[in-house]
Amino acid sequence: MAEANKLGVRVSKYREQLGLTQEQLAVNSGLELALIKDVEEGRTYPPVGLLIKISRALGQRLGTFMDDQFKPDPVIVRKASRVEEASSKGDFGNYQYFPLGKGKTDRHMEPLFIRMDSDESHEFSIHEGEEFIIVVSGKVIVKYGKQETILEEGDSAYYNSVVPHYIGCYEGPAEIYAVLYTPV
């Protein structure tokens, strides 16, 4: 869980720079205090939707918590050299995140390749911005407000993420490309 430890250190650093307590960060982000503590102590790496809430509450872009290197444009990521940045397993779903824009420090979007497996929670996410996903393999359920849609290989969805939404695999594992935009 090296990436969870790195994330925890960064969240703690920015929280302390703002003079916030963990309790205040929990309130500002709309998340449970226990989750904030687990993140800061490196016990969990939350799904992207929850990480966006933390980054917004700290006044930072999402990439601030996912990057530690700079690459000149264009940033090229070969399929064979993708590296899993983090995984989220358990209460918040079963996801593996592979960042595709890491090192582009001035980016406004967060491109990701995501592998997902069965998830019992179906926890909705809500945050500022927009998201675009395209299914690479398997089937994906998109819950958007009260609407539910099943996407198959090659299908895509583009939506405003201020509406409660859930993206998860349907009937087995799935893989997607996702691009998240969150205004700073």
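Taken about its Cα centre, region 5-139 carries a charge dipole of roughly 560 debye when the Cβ of each Lys and Arg holds +1 and the Cβ of each Asp and Glu holds -1.
Under the convention that each Lys and Arg Cβ holds +1 and each Asp and Glu Cβ holds -1, the size of the dipole of region 2-65 around its Cα centre is about 240 debye.
Which of the three applies to region 4-61, rounded, prolate or oblate, going by the alpha-carbon gyration tensor with a ≥ b ≥ c and a/c under 1.5 meaning rounded? Rounded, because the longest to shortest axis ratio a/c is under 1.5. Look at the dipole of the chain built from charges on Cβ: of Phe132, Leu18, Leu51, the Cα furthest out on the positive end belongs to Leu18.
Between the amide H of Ser137 and those of Glu175, distances stay under 5 Å, these residues lying 5 or more places away or on another chain, with hydrogens modeled in the peptide plane. Seen from Phe132, the other residues with C-beta closer than 13 Å to its C-beta sum to a net charge of -4, counting Lys and Arg as +1 and Asp and Glu as -1. Counting every other Cβ atom within 10 Å of each residue's Cβ, Phe113, Phe65 order from fewest to most as Phe113, Phe65.
Cross-link list Lys37/Lys104; Lys13/Lys104; Lys102/Lys139; Lys6/Lys37; Lys79/Lys139: which exceed 18 angstrom alpha carbon to alpha carbon? Distance filter (> 18 Å) returns Lys37/Lys104; Lys13/Lys104; Lys102/Lys139; Lys79/Lys139.
Taking a quarter of the surface of the Cα convex hull of region 79-181 gives a mean projected area of 6.5 nm².
Quick note: the coordinates plus some simple rules give every number you see, no bench work behind them. Predicted model only: the values in this text are computed from it and were never measured. Methodologically, a virtual Cβ is constructed for each residue, glycine included, from the backbone with ideal geometry; neighbour enumeration extends over all protein chains shown.
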